[in-house]
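Written out below as structure tokens is the structure these notes cover.
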Amino acid sequence: MNTALEEINELLQKGRDLVVATIIDHHGSTPRTSGSKMIVLADGSIYGTIGGGAVEGNVIKLATQLFSTQGALIAHYDLSDSDHAGGMDLICGGRIQILLEHVPVSDTNRELYRSAVEMIRNGHSFLWKARITAHDGRWRVERKIETEAELKPSGRAASSVQESADVVNLVEPFSPADPVYIIGGGHVSKALALLAQQVGFRTLVFDDREEFANEQRFPGADEIHVSPGYENLFGSFLINRSSSIVIVTRGHHFDRQVLAQALRTKAGYIGMIGSRRKRETIFRQLVEKGFSASALEQIHCPIGISIDAETPAEIGVSVVAELIQQRAQRRQHG
């Protein structure tokens, strides 16, 4: 999983300056919401998106000009204005405000972004603050990191912007990505891990066989663990409401063993691959071992959104869709 800040850090460390376009405020129907970022390079190539279409094209044009003028600018787009929207082929109906910020290569910027990335990777939450001031008709951005102990582990505080005539204060919360623990290293897990990375989950993969738990099989996974017998899987991890556990081992015995361990955690999502018949069999065995029926009600099995998935890739899409849905619900309800 590569966040916008990680991408910016990598580019700066390679000696490439860039422009960051950030949606700092939005109202009504818009393609992307506040906090969405896009990185623009001097040749017009981009990383990420702020929604595509004519607005994004216009922002890229403005961004490339900043490599000459430097500094920053704030662009406003009223998608409900018939003249403005019609001229840009826009029909969303909302309003967005976008900060375009030239980030030159410097020791200060390299250290700032390196520190931000280290905090994310080490599991720390922080506030990414910007003081944007106007000088002689041009904007200048001063960035700093402020730790915020009260941010929840899943970092669900909203971005905020405060404006006056010549000063804009922007606060963006950053927190570690929600982790998904993928238990089993088979075909479904390969597809699942790749998709989960692409949509912003921290991926941890476990299998009891080294030939199924390695970087070659799971490139880009945040962590890969060989766990003989799938014993004591979660003892060294902090499992909380932002955590998801997906059980896709190679057999009923291991699925039941892992599920019993998962039920003793505080995971916000627990899913197990299998049919309804398999679920009934394993659930009955767990009740016999002392687990309550109410505890078993939280298990998602069959796993994933119902889309008649058959292939490993289709099942991966189905499961990740459910993970996204559950993550959104957690964020909405705090």
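If you roll a 1.4 Å probe over segment 229-334 with all protein chains in place, what percent of the accessible area is carbon or sulfur?
Summing carbon and sulfur atoms, their accessible area is 48 percent of the total for segment 229-334.
On a full-extension model of 0.36 nm per residue, what is the gain between His252 and Glu6, subtracting their alpha-carbon distance, rounded to one decimal in nm?
The His252-Glu6 span can extend by a further 84.6 nm.
Once you compute Rg and the Kirkwood Rh from C-alpha atoms, what is the Rg to Rh ratio for segment 201-334?
Expressed as Rg/Rh, it is 0.94.
Please list 3J(HN,Hα) in residue order for segment 304-309, calculated via the Karplus relation 6.51 cos²θ - 1.76 cosθ + 1.60 where θ = phi - 60°; whole Hz, with x for glycine and proline.
Rounded to whole hertz, the list is x, 6, 6, 9, 6, 6.
Amide H neighbours of Thr203 under 5 Å, counting only residues 5+ apart in sequence or on other chains, H built in-plane at 1.01 Å?
Residues meeting the criterion, in which the H sits 1.01 Å from N, are Val180, Asp222, Glu223.
Provide the FRET efficiency to the nearest 0.05 for the Asn58-Ser294 pair, computing r from the beta carbons and using R0 = 41 Å.
0.15
For the chain, what log10 I(q)/I(0) values come out of the Debye formula at q = 0.06, 0.09, 0.11, 0.12 1/Å, with one point per alpha carbon and no solvent?
-0.27, -0.57, -0.81, -0.92
If you add up the charges near Ala295, with Lys and Arg at +1 and Asp and Glu at -1, over every other residue whose beta carbon is less than 13 angstrom from its beta carbon, what do you get?
Residues close to Ala295 contribute a combined charge of +2.
Show that you can apply the helix-only estimate: for the chain, add -39,500 (n - 2.57) for every DSSP H stretch of four or more residues, divide by all residues, and state [θ] at 222 nm to the nearest 500.
Value at 222 nm, helices only: -10500 deg cm²/dmol.
Which of Gln261, Gln13, Gln285 ends up with the largest GNM mean-square fluctuation for the chain, with Cα atoms connected below 10 Å?
Its mean-square fluctuation being the largest, the pick is Gln285.
Can you give the convex hull volume per residue for the Cα atoms of segment 274-334, as a whole number of Å³?
Residue-normalised Cα hull volume stands at 93 Å³.
What is the sum of charges, Lys and Arg at +1 and Asp and Glu at -1, for the other residues whose Cβ falls under 12 Å from the Cβ of Ser227? If you can, show how the numbers build up before the last one.
Details: positive: Arg209; negative: Asp207, Asp208, Glu210, Glu223, Glu231.
Cβ neighbours under 12 Å give a net charge of -4.
Per residue, what accessible area does the chain have, given a 1.4 Å probe and all protein chains present, in Å²?
So the chain comes to 49 Å² accessible per residue, rounded to a whole number.
Whole Å is fine, so just give me how far the alpha carbon centre of segment 105-146 lies from that of segment 259-310.
Here the two parts' Cα centres lie 43 Å apart.
Any idea which of Pro312, Ser243, Leu263 is furthest toward the positive side of the dipole for segment 226-316, if Lys and Arg beta-carbons carry +1 and Asp and Glu beta-carbons -1?
Leu263
Which distance in nm do the two modelled labels at Val287 and Thr311 give, with both placed 7 Å along the Cα-to-Cβ direction?
If labels sit at Val287 and Thr311, their model points lie 3.9 nm apart.
Using the per-residue mean of other Cβ atoms lying within 10 Å as a proxy for protection, in what order, highest first, do the peptides 315-325, 225-235 fall?
Averaged packing, sorted descending, gives the order 315-325, 225-235.
The values are calculated or read from the model by the stated rules, or taken from the named source; none is laboratory data. What you see is a predicted model, and the numbers here were worked out from it, not measured in a lab. Don't worry about glycine lacking a Cβ; one is built from the backbone with ideal geometry, like all the others, and counts go over all protein chains shown. Quick note on the areas: whole protein, heavy atoms, side chains included, nothing else; ligands and nucleic acids left out. Shrake-Rupley method; radii C 1.70, N 1.55, O 1.52, S 1.80 Å.
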